[in-house]
Each structure stands twice: as C-alpha cells, then as structure tokens.
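These notes are about the structure you will find just below.
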Amino acid sequence: MTSGLTCTWTIADEGTARVTVTGDLEFATAGLLVRLVADRLAGDPGVREVRLDCGEIDFCDSSGLSELIKVHRAVVGTGRRLFLDNRKPALDRLFALTGTAKYLTGETADSRALHDS
C-alpha cells in the first residue's frame, strides 16, 4: 500500500513560493518534488525563496532525504534560498542522524532531535 505524494506549488507573496508536501517522501515517489521545483523555478525568475511546508510529510526514507538534497541543490544552485518549514520531529531526527541538518536547514542538529520519539 502506498500513500503517494502530493506537492502543491503556490506563490505566497512576491518573490516567495510555497510548496506543500503531503504524503510519503520515499523511493516510490522519488523525482516528483525535485521536478516540480526545478520546473517552476525555471519558469518564474521572480521567485527568490522557496518554502517547503513539511508538516504533512508522513514518512521520509533515504530516497526522500536524497530528494530533499536535490531540491536544496536546485534552489540554492540558482541563487535562491530554501526553507524547510513545519518539520516534524522524525524529519529533524533523520537530518540529525545523517548529518544533513546544517546543509538542508542552515541550523545545527538539535540534540533533542536524536532523543525525541
């Protein structure tokens, strides 16, 4: 059974895009998020920052983490800023355990992320 993934791009205000990510960010859905972000950024040079709303991500495996890294590269590589908003503790734990917290969020790994359930 796969819950799937839905990614919705909206322009929150001038220069800011919001991507709402809902469902499982995993091997079966790999590619969807990065394609959406890359395609939309190419078509909208006025976007200066992208805010990923991660509050509805139900599950994220190593392929999902790879997808977030690719999104980071796509956004930052074009001179824009990426924010990962509304992260659940499980996502922060994944970032802390893999050493990707600072790279993806600009924040140091919070020790609580390793111990929260």
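Of all residues in the range 21-42, which are farther than 18 Å from Arg73 by Cβ and either free of Cβ contacts under 8 Å to residues at least 24 places away in the same chain or charged (D, E, K, R) (or both)?
Asp24, Glu26
Which pairs have Cβ atoms under 8 Å, sit 6 or more apart or on different chains, and link a residue in the range 71-86 that is crowded, with 20+ Cβ neighbours inside 10 Å to one that is among the small types (Gly, Ala, Ser) and modelled with pLDDT of 95 or more?
From the range 71-86, the pairs are Ala74/Ala38.
Quick test for you: out of Thr22, Thr29, pick the one residue that is of a type in the set (S, T, N, Q), at pLDDT 95 or above and within 13 Å of Cys7 (Cα to Cα).
Sole residue among the options that is of a type in the set (S, T, N, Q), at pLDDT 95 or above and within 13 Å of Cys7 (Cα to Cα): Thr22.
Counting only residues that are under 15 Å from Leu68 (Cβ atoms) and part of a loop (DSSP other than H, G, I, E, B), which one in the range 1-40 is most open to solvent (accessible area, probe 1.4 Å)?
Ala30
Can you name the residue in the range 87-108 that is outside any helix (DSSP H, G or I) and open to solvent by 50 Å² or more (accessible area, probe 1.4 Å) and is also nearest to Val21 (Cα to Cα) among such residues?
Out of the qualifying residues, it is Arg87.
The values are calculated or read from the model by the stated rules, or taken from the named source; none is laboratory data. Everything numeric here is computed off the predicted structure, so don't read it as measured data. No Cβ is skipped: glycine too gets one built from the backbone with ideal geometry, and neighbour counts run over all protein chains shown. What goes into the accessible areas is simple: the full protein's heavy atoms, side chains included, and nothing from ligands, DNA or RNA. Shrake-Rupley method; radii C 1.70, N 1.55, O 1.52, S 1.80 Å.
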